[in-house]
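Please read the structure below before turning to the comments.
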Amino acid sequence: MTAPASSDAALIAAHAAGDPHAFAELVRRHRDRMWAVALRTLRDPEEASDALQEAFISAFRAASSFRAESQVTTWLHRIVVNACLDRVRRRQARPTVPLPETGPGEPVTPRDAMSDRETRLVVQRALAELSDDQRVPILLVDVEGYSVAETAALLGIAEGTVKSRCARGRAKLAKVLGHLRNPDADANVRGDAVEGRSTPARRHWEGR
Amino acid sequence: MTDDARSPLGPPWSVDVLADLHAGVLDPEQSARLWPAVNADPEARAVLAALDSVKVGLGRLGAAPVEPMPAHFAARLDAALAAEAARTRPVSRPEAPAPVTDLAQARRRRNRGLGWAAGVLTAAAAAVAVTVTLFSPADETGNPVAAGPQGQNSSDAAKPPLQVNRTDLSAAIGGVSAERDYGPLKNQSGLEQCLQANKVDPAKTEVLGVRQVNLEGKPGIMVLLSTGEAGRLRVLIVEPTCDADNPAKLVDTPLPSR
């Protein structure tokens, strides 16, 4: 049996060399994290399960092409994200399933009284109000930590489009999450009524 | 750039313009012109702070502890990977190929009613059945003794028996897949006789792995067999007396159980 202390890279190498247990150990280590990625992206557990299954089997087959200079987690993460994005593209012609918990545009407040877990749930619910076109770039950039350039490559769109969709999505999230005082404001409506708060001096934030 | 002529590039601010500025959508010239005005306007800064809060919340989502993958999905994943492992390194192949089943077919069988095609897993044709043959000769005190001499064809005879729990059979899949440890069944022929007694036709069923196990204190053998459905396992446990005339079945269950 493969020693539990083996590094991820050693497990990949062992798997490529024919160790029948190495990949199972790799899956055991990373399954839950990748499940979270798939579930966030696809929102449907059955779809997420199928996507993760496809992704891990793709990784199983492609292990010999893994480059040692990469992190195994980064490599696996990208495979999972790609499997999820394939499914997002396939379903884009289908209508979005509304969430039962929250009506459209309904602010989700107050936040201060919430636990971290509740806050995360609120953010997840707010994300679900976005279209896939806005939600997926935001997931990739703001949640999963991909750069704008990486996200553009993953999605096959221009970097400017990634930035623009992220901008629109964040603006809507700010409204849905109750960060803006005028939650009824739609995109391209003046936001001149915002909640007052002290803010640090701005830097010129140019995306990731 | 996402603003248009109706969106002011100055106070009173459009949320979208500020979001564009915040996200680096605007061209450098516009940005350079806007930032001083934005930094000088508390209301504009408040909008940017709100957008920052959104980003912070999203970042926390990515860094948060994750919930475990639900057990039935995890078992399905284990089964699919075991089938894939066995497909590439089978212990024995049936004369007739197992029917190919992709995820879309599996989904339809699950009656979920989703209408889109799923999966590239046509190669994950074989789900797996697990046969565990108990071979627990007891010593005079009734305690099970260690496994006896290994069969001549047991390629993994040196491995210790795999610990198997009835309530978590899926955990043993990875340890059995692609193994060839026949134990008291001695060889493929002995295994096939036991399988036939359990109404498993070796000519139509791919053997994906064989290994001696310890089932909750009882030594035994575990065998992975194809069943023709992706991500689907079956667990069959028999007593050590299993042979062509004695199925000696103890447990026979699909995995995952659905």
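The number of residues in the stretch B:178-206 being buried (at least 19 other Cβ atoms within 10 Å of the Cβ), hydrophobic (A, V, I, L, M, F, W, C) and either in contact (Cβ under 8 Å) with a residue 60 or more places away in the chain or out of contact with any Cys (no Cβ under 7 Å at 6 or more places or on another chain) (or both) comes to 5.
To keep it simple, each residue is scored yes or no on (1) under 17 Å from B:Ala63 (Cβ atoms); (2) small (Gly, Ala, Ser); (3) surrounded by fewer than 19 Cβ atoms within 10 Å (Cβ to Cβ).
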position	(1), (2), (3)
A:Val122	yes, no, no
A:Ala126	no, yes, no
A:Gln134	no, no, no
A:Leu139	yes, no, no
A:Gly145	yes, yes, yes
A:Ala149	no, yes, yes
A:Ala152	no, yes, no
A:Ile157	no, no, yes
A:Gly160	no, yes, yes
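The helices (runs of 4 or more DSSP H) found entirely in the stretch A:49-139 that carry 1 or more residues being modelled with pLDDT of 80 or more, within 13 Å of chain B (Cβ to nearest Cβ) and over 22 Å from A:Leu155 (Cα atoms) are A:116-127. Residues in the stretch A:25-43 that are at the interface with another protein chain (Cβ under 8 Å from one of its Cβ atoms) and farther than 15 Å from B:Leu77 by Cα: A:Arg40 alone. Is it the case that the stretch B:27-37 has a residue that's buried (at least 23 other Cβ atoms within 10 Å of the Cβ), among the aliphatic types (A, V, I, L, M) and touching a helix residue (DSSP H, G or I) at 6+ places or on another chain (Cβ under 8 Å)? No, the stretch B:27-37 contains no residue that is buried (at least 23 other Cβ atoms within 10 Å of the Cβ), among the aliphatic types (A, V, I, L, M) and touching a helix residue (DSSP H, G or I) at 6+ places or on another chain (Cβ under 8 Å). Counting only helices (runs of 4 or more DSSP H) wholly contained in the stretch B:1-88, the ones carrying 3 or more residues that are within 7 Å of chain A (Cβ to nearest Cβ), under 13 Å from A:Ala167 (Cβ atoms) and at pLDDT 90 or above occupy B:15-23, B:42-63. Exactly one of (1) of a type in the set (Asp, Glu); (2) in contact with a helix residue (DSSP H, G or I) (Cβ under 6 Å, 6 or more places away or on another chain); (3) within 28 Å of A:Leu130 (Cβ to Cβ) is unmet by A:Asp32. Its number? Of everything listed in (1) of a type in the set (Asp, Glu); (2) in contact with a helix residue (DSSP H, G or I) (Cβ under 6 Å, 6 or more places away or on another chain); (3) within 28 Å of A:Leu130 (Cβ to Cβ), A:Asp32 misses just condition (2).
For (1) in contact with a helix residue (DSSP H, G or I) (Cβ under 7 Å, 6 or more places away or on another chain); (2) at pLDDT 95 or above; (3) under 21 Å from A:Asp132 (Cα atoms), each residue gets a yes or a no:
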{"residue": "A:Ala158", "(1), (2), (3)": "yes, yes, yes"}
{"residue": "A:Cys166", "(1), (2), (3)": "yes, yes, yes"}
{"residue": "A:Gly169", "(1), (2), (3)": "yes, yes, yes"}
{"residue": "A:His179", "(1), (2), (3)": "yes, no, no"}
{"residue": "A:Asn182", "(1), (2), (3)": "no, no, no"}
{"residue": "A:Asn188", "(1), (2), (3)": "yes, no, yes"}
{"residue": "A:Gly191", "(1), (2), (3)": "yes, no, no"}
{"residue": "A:Val194", "(1), (2), (3)": "yes, no, no"}
{"residue": "A:Arg197", "(1), (2), (3)": "yes, no, no"}
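For the stretch B:200-222, a residue qualifies if it is within 23 Å of A:Asp19 (Cα to Cα) and at pLDDT below 80, and the qualifying residues are B:Glu206, B:Val207, B:Leu208, B:Gly209, B:Val210. Residues of the stretch A:11-30 that are within 17 Å of B:Val66 (Cβ to Cβ) and in contact (Cβ under 8 Å) with a residue 24 or more places away in the chain: A:Leu26, A:Val27, A:His30. Just one of the listed residues (A:Ala10, A:Ala36, A:Ala59, A:Ala68) is surrounded by fewer than 23 Cβ atoms within 10 Å (Cβ to Cβ) and closer than 30 Å to B:Arg180 by Cα, namely A:Ala10.
The values are calculated or read from the model by the stated rules, or taken from the named source; none is laboratory data. These figures come from a predicted structure and were not determined experimentally. Backbone-built Cβ (ideal geometry, glycine too); neighbour counts: all protein chains shown.
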